[in-house]
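S.K.: Input: one structure, supplied below.
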Amino acid sequence: MVLTSTFTPRNFREQSERASHDATLRAVLDHATRYFMGKRGAALEAFADRDTHFARARSARLTALSRLPDLLEQLERSASAAGTKVHWAADAAEGRAIVTGIAKGCGAKVVVKGKSMVTEEIALNPALEATGAEVWETDLGEFIVQLAGEPPSHIIAPCIHKSRADVAALFREKLGLADLSDSASIPELTLLARRALREKFLAADLGVTGVNMAVAESGSVILVENEGNIRMSTTCPPVHVAVMSLEKVVATLEDAADLLRVLPRSATGQKMSSYVSVLTGPRRADELDGAREAHLVILDNGRSEVLADPVLREALLCFRCGACLNSCPVYQTIGGHAYGSVYSGPIGALLSSLLLPAEDTRDLPFGCTMCGACKKTCPLGIDHPNLMLRLRERVCAGKPHFIGAAHAFLASHPLAYRLAVGAARAVDPRLDLLPRLPGLPSGLASFVESRQPPGLKSSFSAQLRAGRKKQGGA
Amino acid sequence: MRIQLMIPCLVEDCLPEIGLAAVSVLERLGCAVDHPQGQTCCGQMAFKTGDVAGARAQALHSLEIFADTGAVVCPSGSCTKMLRTYPQLFEPGTRDHARAVELAGRVSEFCEFVLALPGAPDFGGELKARAALHRSCQLDGSDAPQRLLSAVRGLTLLEPERPERCCGFGGLFSLQFPAVSESLLEDKASELLALDPDLLVSAEPSCLMNISGYLSRNGRMTGPGRALHVAQVLDLALNGALTGGALWS
């Protein structure tokens, strides 16, 4: 797998095409996505009243979006009352400035991080490193991609693109374990990572995590994980900073519970993740553990604008279970890096298109066959294909692709349509010349190279007419 | 029962055999089939490439063509879906919106329509074959093709490991992302061929074109007539012949 620092959403098409030729990557993705889908399928099979729970979860998210400004203010009040310092970040730069400011303020030399997509979104690690601190990702998958110098390639499984042997080779080189064999087992590798990370937890001055949900009524931050590294990141260091994108707020603890019934089942096929932390403010006087100082950074970074769009705001319902990635045939084929931004797969193509500059993301909504597997999988009922179409409309903005425009013109003028098809039938019935027509996308040549086109035949209408005439005459 | 047949543009000019088989089956099952003149395209291509104005123009054209009340039947899931999408192209409260809603309410995909005819699903057809079905994501999870095929005597219905997984076509997608499209297609083709079928069957003409064109190009389609639309399978089973001839013959 290539280093991904050069991957951008602008080159999505090229990157996708290249990734689809990478047989190793495809095998790894195939194995991993099937594994996740299998676990998820079994969990949902055994989930009594599944549809009711899905509806409740969707309703909790809809409530949050429809009352967002009020809920965020309520969250600020209740979190502050619990002793958490609340910060507002309009964009990525402000988000970075706030967190690096806290790091400098507490003289942080070692920073441990829990897995968080939002801190990837604002490129926090390089900014923290620039303050002179060591920054350690403590989620096993994130730790692996950090050692490799790569971004994560899946929302919940950051190193989904790496095989066990890839990881062994990486640990050999980066952790100075010359004797480590390629056939080392996953428990062995995990233990090695654990050993390396324990020292960092104990030395850490600052813990930084994301947020799965923030509860407006109580000011609590909820974190869902399986490895215990997030719990350690929030309890070992004296200072904890939680960074949330603003749509992660929910109204009540009951709403949070409705979401927690669905999130782990959809993400990993678990009834509940191994750890769920509900953090309300810093350590109190009578408590033995927890951070002495708690911060909550609420990040906008383009989301307010998305909220203003009555259709596209639906993308903000997402609670990042990652199931749409696993179910998407395109993601299964190209993986996460090809998307060239933090968020990948169907929801990633939507979020990146909404949050990044339009000129960089033109191709993202087109990397979709409209098969609807994502929509069918989404426990919150997000209609990704419909949103994808809305984005295509925006990209196209009255200037349609000329093939589409020509087709649209002909199709609303039946006589011209028949003449055009008739001319093509006379000149090139087998459509051999098709890929060589000037101005047509180069993909057409590849299409015809790998697929025998059916050719233009005597039309259905003509054959039906002839047949009926014969019948009538007989 | 009188019905209006909607013929996808792909079928009209490239795969007419599918349309002819559909007519044969519908007539055999007692329907009087009208084929309104002037049909072009449902507007799906424009709609899916973001050209809503183009799609709207095509929708207006279809509204004219199928203005007569009564069932509209179409041997394609994706075109049927497009007709059902027309209402969202028009402002609610307008005359065109009302017409679009009215049309959307009376269009059926071929298999769904046949399955609702009296006597369904067992019309007494017989065909000795092992048929591998590609369900097609464009049918939105409809099980009508499976139910119709299961009722054909002598037919063994086979389904690939991931029956609803996309074949990689996706219209413009296959031109803009040809390598990704071909990867998906290869997955689909191998899963279907692993069933060792006599026939490859789908209710979606575009998927059928994609899959069988690929097998044909790569010398993996042993003999013409191996790839069939569900309408053609029913035609063979009920009438003992392929009215319009075989695809790729």
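S.K.: Taking H as built 1.01 Å from N, whose amide H comes closer than 5 Å to the amide H of A:Arg283, not counting residues under 5 places away?
M.R.: A:Ala291, A:Arg292, A:Glu293
S.K.: Where a Cα-Cα gap under 19 Å defines reach, which aspartates and glutamates qualify for A:Lys174, not counting those fewer than 8 residues away within the same chain?
M.R.: Straight-line reach from A:Lys174, under 19 Å: A:Glu129, A:Glu134, A:Glu137, A:Asp139, A:Glu142, A:Glu150, A:Asp166, A:Asp182, A:Glu188, A:Glu199.
S.K.: Let me check I've understood the local charge: for B:Gln232, count other residues with C-beta under 14 angstrom from its C-beta, Lys and Arg +1, Asp and Glu -1. What total comes out?
M.R.: Once all neighbours under 14 Å are counted, the net charge is -2.
S.K.: Using +1 at the Cβ of each Lys and Arg and -1 at the Cβ of each Asp and Glu in the protein assembly as shown, identify which of A:Leu325, A:Val112, A:Gly467 lies farthest towards the dipole's positive end.
M.R.: So the residue furthest toward the plus end is A:Gly467.
S.K.: What 222 nm value per residue comes from the helices of the protein assembly as shown, counting each DSSP H run with n ≥ 4 as -39,500 (n - 2.57) and dividing by all residues, nearest 500 deg cm²/dmol?
M.R.: Per the formula, -14500 deg cm²/dmol.
S.K.: Pull up all non-local amide H partners of A:Asp91: gap of 5 or more, or a different chain, and H-to-H distance under 5 Å with H placed in the peptide plane.
M.R.: Correct list: A:Asp300, A:Asn301.
S.K.: Using the alpha-carbon atoms, what tilt in degrees (0 to 90, nearest 10) does helix A:23-45 show relative to the longest principal axis of chain A?
M.R.: 80 degrees
S.K.: A further question on this structure: For the pair A:Gln270 and A:Leu191, what calculated FRET efficiency results from E = 1/(1 + (r/R0)^6), where r is the Cβ-Cβ distance and R0 = 25 Å, to the nearest 0.05?
M.R.: E(calc), rounded to 0.05, equals 0.70.
S.K.: Ok, one more. Scan around B:Ala227 for amide H atoms under 5 Å from its own, H built in the peptide plane at 1.01 Å from N, and keep only partners 5 or more places away or cross-chain.
M.R.: Amide H to amide H, under 5 Å and 5 or more residues apart or across chains, B:Ala227 pairs with B:Leu200.
S.K.: Once the convex hull of the C-alpha atoms of region A:244-294 is built, how many Å³ does it hold per residue, rounded to a whole number?
M.R.: Hull volume normalised by residue count: 122 Å³.
S.K.: Whole Å is fine, so just give me how far the alpha carbon centre of region A:157-175 lies from that of region A:208-240.
M.R.: Value for the Cα centre distance between the two parts: 26 Å.
S.K.: Could you give the distance between the Cα centres of region A:1-67 and region A:441-474, to the whole Å?
M.R.: With region A:1-67 and region A:441-474 each reduced to a Cα centre, they are spaced 39 Å.
S.K.: Next question. Within region B:50-83, find all residues whose amide N lies under 16 Å from a label point positioned 7 Å from the Cα of B:Asp96 along Cα-to-beta-carbon.
M.R.: Answer for this model: B:51-67, B:83.
S.K.: While we're here: Do any of A:Lys85/A:Lys115; A:Lys39/A:Lys375; A:Lys375/B:Lys48; A:Lys39/B:Lys128 go past 27 Å between their Cα atoms, and which?
M.R.: A:Lys39/B:Lys128
S.K.: May I ask you to work out the translational diffusion coefficient for the protein assembly as shown at 37 °C, viscosity 0.692 mPa s, via Stokes-Einstein with Rh from the Kirkwood sum over Cα pairs, reported in whole µm²/s?
M.R.: In µm²/s, the coefficient is 119.
S.K.: DSSP beta bridges in the protein assembly as shown, what fraction antiparallel, as a percent rounded to 5?
M.R.: 15 percent
S.K.: In chain B, what is the volume of the convex hull around the alpha carbon atoms, normalised per residue and reported in Å³?
M.R.: Per residue, the Cα convex hull of chain B comes to 115 Å³.
S.K.: Then there's this: So what J values fall out for region B:84-97 if you push phi through Karplus, 6.51 cos²θ - 1.76 cosθ + 1.60 with θ = phi - 60°, rounded to Hz, Gly and Pro as x?
M.R.: 6, 8, 3, x, 6, 8, 10, 5, x, x, 8, 5, 5, 4
S.K.: In whole Hz, with x marking every Gly and Pro, tabulate ³J(HN,Hα) for region A:182-196 from phi via Karplus 6.51 cos²θ - 1.76 cosθ + 1.60, θ = phi - 60°.
M.R.: Each residue's phi maps through the Karplus curve to give 4, 8, 3, 7, 4, x, 4, 5, 4, 5, 5, 5, 4, 4, 5 Hz.
S.K.: Using alpha-carbon pairs under 8 Å, 6+ residues apart, how would you state the relative contact order of chain A in percent?
M.R.: Relative contact order, chain A: 21 percent.
S.K.: Give the Cα extents of region B:123-238 along the principal axes, in whole Å, largest first.
M.R.: Answer, in whole Å and largest first: 45, 31, 22 Å.
S.K.: Using the 10 angstrom Cβ neighbour count as an exposure proxy, how do A:Ile98, A:Ile155 rank, fewest first?
M.R.: Lowest to highest Cβ neighbour count: A:Ile98, A:Ile155.
S.K.: Normalised by the number of residues in chain B, what is the relative contact order in percent for Cα pairs under 8 Å and 6+ residues apart?
M.R.: 21 percent
S.K.: Right, here's the next one. Find how much the distance from A:Arg34 to A:Asp383 grows on full extension, using 0.36 nm per residue of separation minus their present alpha carbon separation; answer in nm with one decimal.
M.R.: Length gained between A:Arg34 and A:Asp383: 123.4 nm.
S.K.: Something else now. If Lys and Arg each add +1 and Asp and Glu each add -1, what is the summed charge of the other residues whose beta carbon sits under 11 Å from the beta carbon of A:Val306?
M.R.: Summing Lys and Arg as +1 and Asp and Glu as -1 gives -3.
S.K.: Let me ask something else. Between A:Lys376 and A:Glu129, what FRET efficiency follows from the Cβ-Cβ distance if R0 is 45 Å, with the result rounded to 0.05?
M.R.: Approximately 0.60, to the nearest 0.05.
S.K.: Now a separate question. Counting pairs of alpha carbon atoms under 8 Å apart in space and at least six apart in sequence, what relative contact order in percent does region B:2-114 give?
M.R.: With pairs under 8 Å counted, the relative contact order is 29 percent.
S.K.: Could you pull the Rg and Dmax for region A:409-473, using just the Cα atoms, both in Å?
M.R.: Rg then Dmax for region A:409-473, in Å: 15.1, 49.
S.K.: Suppose R0 equals 51 Å; then what is the FRET efficiency for A:Ser442 and A:Asp289 from their Cβ-Cβ distance, rounded to the nearest 0.05?
M.R.: E(calc), rounded to 0.05, equals 0.25.
S.K.: Shifting gears a bit: Compute the signed sum of charges (Lys and Arg +1, Asp and Glu -1) over the other residues within less than 13 Å, Cβ to Cβ, of B:Ala203. Show your work: numbers first, answer last.
M.R.: Values: positive: B:Lys81, B:Arg135, B:Arg147; negative: B:Glu109, B:Glu112, B:Asp140, B:Asp143, B:Glu164, B:Glu204.
Once all neighbours under 13 Å are counted, the net charge is -3.
S.K.: Please list 3J(HN,Hα) in residue order for region B:185-194, calculated via the Karplus relation 6.51 cos²θ - 1.76 cosθ + 1.60 where θ = phi - 60°; whole Hz, with x for glycine and proline.
M.R.: 5, 4, 4, 5, 4, 5, 5, 6, 5, 4
S.K.: Any chance you could check the Cα centroid distance between region B:1-58 and region A:85-123 for me, in angstrom?
M.R.: 57 Å
Every read-out reported here was derived from the displayed coordinates using simple, explicitly stated rules and does not represent laboratory data. Quick caveat: nothing in here was measured; it's all calculated off a predicted structure. With ideal geometry, Cβ positions are generated from the backbone for all residues, glycine too; neighbour counts draw on all protein chains shown.
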